[in-house]
Amino acid sequence: MTTNLSLNIKRELYQLCVADIQTRLNTIKATIFELDQALLSETKSSAGDKHETGRAMIQLERENVGRQLAEVEKTQHILSKIDVNRTNQTIGLGSVVITDRMNYFLAISLGEIRLEHTEYYAISPHAPIGRLLMGKTTGDTIAFREQHFEIRAVL
């Protein structure tokens with residue numbers, strides 16, 4: 001595989017991950033805005049037990065969404081550490097790994113990505129198979145769930 005083709009694949013996979021994170025971030029921010037508006041509306045409502053229950057429910061949901069936001073921002077930070085213009089022979093964060101069974105992009109847990117009729121799995125380096133792949137090079141093999149994978153290329 002030529003270096004330019006390798007970098008193009010890596011860049012496209014990276015951009016798809018960035019776009020997914022941005023979509024999640026936008027959705028969460030919209031939800032937070034809606035919850036804040038609902039909380040403000042509840043504040044202006046009549047007092048009483050029903051009012052307090054409604055505020056408490058909205059506040060709980062706001063806290064849940066706040067945790068989701070923190071998680072997405074953490075994921076976004078991990079993505080920002082990837083240099084798509086750099087290739088290494090050793091597998092690490094940002095590597096595209098071609099094996100005899102599946103192809104992986106070690107970045108964030110996003111799942112299957114289809115790119116130019118080829119399937120790649122965007123996985124976290126902290127995922128079980130990600131941990132097995134880290135530090136390996138072309139020609140190495142790993143065993144995962146009773147299957148053996150030979151690493152054919154690291155982009």
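The values are calculated or read from the model by the stated rules, or taken from the named source; none is laboratory data. Quantities reported herein were computed from a predicted structural model and do not represent experimental measurements. A quick note on method: Cβ atoms are made from the backbone with ideal geometry, for glycine too, and the neighbour counts reach across all protein chains shown. With ligands, DNA and RNA removed, areas are computed over all heavy atoms of the protein, side chains included. Shrake-Rupley method; radii C 1.70, N 1.55, O 1.52, S 1.80 Å.
Under the convention that each Lys and Arg Cβ holds +1 and each Asp and Glu Cβ holds -1, the size of the dipole of the chain around its Cα centre is about 320 debye. Can you give the angle from 0 to 90° between the axis of helix 3-44 and the longest principal axis of the chain, with both taken from C-alpha atoms, to the nearest 10? Once rounded, one gets 10 degrees. Rolling a 1.4 Å probe over the heavy atoms of the protein chains gives the range 27-116 an accessible area of 63 Å² per residue. For the listed peptides 136-147, 120-131, a ranking on the average number of other beta carbons within 10 Å per residue, highest first, reads 120-131, 136-147. Rounded to 0.05, the FRET efficiency of the Ala38 and Thr141 pair, given R0 = 41 Å and the Cβ-Cβ distance, is 0.15.
The mean sequence separation of alpha-carbon pairs under 8 Å and at least six residues apart, normalised by the residue count of the range 28-155, gives a relative contact order of 20 percent. Surface composition of the chain: carbon plus sulfur atoms hold 50% of the accessible area, using a 1.4 angstrom probe and ignoring ligands, DNA and RNA. Computed from label points 7 Å out along Cα-Cβ, the spacing between Met102 and Asn88 is 2.2 nm.
Given the alternatives (i) 0.99; (ii) 1.20; (iii) 1.41, Cα Rg over 2.2 N^0.38 Å as computed for this entry is given by (iii).
For Phe105, the amide hydrogen comes within under 5 Å of the amide hydrogens of Val97, Tyr121, Ala122, Ile123, counting only partners 5 or more places away or on other chains and with H modelled in the peptide plane. Centre-to-centre separation between the Cα atoms of the range 52-68 and those of the range 121-137: 35 Å.
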